[in-house]
Amino acid sequence: MRGRRSTGYRGSPMSAYWSKVVHSLTPYVPGEQPKLANLIKLNTNESPYGPSRMVLDALRAEVGDTLRLYPDPGSDKLRAAIAKRHGLTPDQVFVGNGSDEVLAHVFLGLLKHDSPLLFPDITYSFYPVYCGLYGIDFVPVPLNAAFEIDVTDYLRPNGGIIFPNPNAPTGQQVLLSEIERLLKANKDTVVVIDEAYVDFGGVSCVPLIKQYPQLLVTHTLSKSRALAGLRVGYATGNAELIEGLNRVKDSFNSYPLDHFAQAGAAAAMEDNAYFDAMCQKVIASKTKLVADLQALGFEVLPSAANFIFARFPGRDGADIAARLRERSIIVRHFRNPPRISPFMRITIGTDEQCAGLVEALREIV
Ligand SMILES: Cc1ncc(COP(=O)(O)O)c(C=O)c1O
């Protein structure tokens with residue numbers, strides 16, 4: 001390979017200086033963040049509203065001389081706020097730089113075993129990327145004909161199980177009773193439920209943590225707490241699972257959350273009135289948007305998330321998304337697997353943004 005340059009990720013040249021593993025990676029491609037003004041941005045499931053005032057005040061209070069000091073490596077105040085919110089103890093909480101980082105540690109620390117990891121064939125596309133990074137064998141489990149996760153399909157030998165609930169990009173949720181059925185049958189390996197979107201109409205399985213020591217639940221402050229820019233996520237579970245994650249974290253980066261992230265996130269976890277009001281607003285906008293799109297002839301999967309997955313019979317999702325883009329509206333389209341290519345994933349925006357989307361779609365279809 002020495003001196004040779006071939007084409008790799010995103011057409012970039014492969015380097016002879018890279019370690020072997022880098023050549024084999026297929027990195028995650030995040031949704032784009034265009035630097036354009038007047039865009040209706042409905043492509044990355046961010047909150048259309050800003051964070052609470054309490055968060056902004058907490059961030060401002062961190063500007064000062066104490067920035068010369070390293071942050072608290074244990075993020076104690078933040079973990080206490082999260083524990084209080086969920087009725088847990090701080091040793092049942094792990095925090096990281098976005099739930100992406102939390103998940104990365106989960107894959108390495110709890111899901112890398114001899115038997116293959118199971119996750120849906122249509123799901124958060126970072127999961128196979130972590131498997132590639134850490135050399136984890138996995139088996140994609142197909143969603144059923146209605147694009148739902150059927151837990152019966154997971155009742156087989158495995159090295160771990162992970163899926164988002166509600167799932168992404170479909171938005172559909174698995175009932176709590178079904179998750180419990182899975183946990184009762186699957187006691188020997190870790191079951192991770194990624195609740196990135198649960199606050200927009202889903203039912204959290206955090207209360208099951210006390211009964212099931214193999215259950216880990218991950219969360220993010222990027223969506224329902226409107227803090228995608230601060231990069232904070234967390235996991236809740238049995239203290240033994242959390243200790244495993246701490247061992248990975250302290251072998252990687254002892255200070256993943258800076259002063260701002262810890263203070264801002266703690267304030268966000270405490271301002272439940274603002275959180276509840278924003279989630280209710282998004283849910284109300286979603287109900288209206290779904291009705292408007294159905295009236296135009298779209299088929300919309302039931303969504304418990306802050307996005308919907310919609311298709312128009314006989315039309316290609318990529319084509320509609322391209323026409324929206326010409327009108328400065330961006331949504332997310334996935335070409336693969338081909339089964340979801342007719343769909344677009346549309347983040348719930350403000351009522352005004354949703355109305356703009358509906359008007360554009362009326363012209364397009
Ligand atoms: C299902 C799911 N899990 C986790 C994440 C990561 O969120 P973050 O790293 O912003 O906390 C996302 C982001 O879109 C997601 O869709």
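The values are calculated or read from the model by the stated rules, or taken from the named source; none is laboratory data. Quick caveat: nothing in here was measured; it's all calculated off a predicted structure. Positions of Cβ are backbone-derived with ideal geometry, glycine not excepted, and every protein chain shown enters the neighbour counts.
Within the span defined as region 325-337, every residue fails to be free of Cβ contacts under 8 Å to residues at least 60 places away in the same chain and within 21 Å of residue 225 (Cα to Cα).
Taking region 301-365 as the region of interest, the strands (runs of 3 or more DSSP E) fully inside it that hold 1 or more residues being of a type in the set (S, T, N, Q) are 344-347.
Can you confirm whether residue 283 is in the same structural domain as residue 208 (by TED's automatic domain parsing), in contact with a helix residue (DSSP H, G or I) (Cβ under 9 Å, 6 or more places away or on another chain), farther than 30 Å from residue 64 by Cα and more than 16 Å from the ligand (Cβ to nearest atom)? Full working, then the answer.
On the way: in the same structural domain as residue 208 (by TED's automatic domain parsing): no; in contact with a helix residue (DSSP H, G or I) (Cβ under 9 Å, 6 or more places away or on another chain): yes; farther than 30 Å from residue 64 by Cα: yes; more than 16 Å from the ligand (Cβ to nearest atom): yes.
So residue 283 fails the test.
For residue 139, the criteria (1) more than 16 Å from the ligand (Cβ to nearest atom); (2) out of contact with any helix residue (DSSP H, G or I) (no Cβ under 9 Å at 6 or more places or on another chain); (3) not in a strand (DSSP E or B) hold in every case but one, which is (3). Within the set 193, 162, the sole residue that is within 16 Å of the ligand (Cβ to nearest atom), assigned to a strand (DSSP E or B), without any contact (Cβ under 8 Å) to a residue 40 or more places away in the chain and of a type in the set (A, V, I, L, M) turns out to be 193.
Once region 96-121 is narrowed to residues that are within 12 Å of the ligand (Cβ to nearest atom) and over 19 Å from residue 251 (Cα atoms), the residue that is surrounded by the most Cβ atoms within 10 Å (Cβ to Cβ) is 119. The one condition from (1) within 16 Å of the ligand (Cβ to nearest atom); (2) crowded, with 22+ Cβ neighbours inside 10 Å that residue 258 does not meet is (2). Annotation for region 214-231: at least one member residue is more than 16 Å from the ligand (Cβ to nearest atom) and more than 30 Å from residue 345 (Cβ to Cβ). Only residues that are touching a residue at least 24 places away in the same chain (Cβ under 8 Å) and under 23 Å from the mean Cα position of the chain (by Cα) were counted in region 285-308, giving 11.
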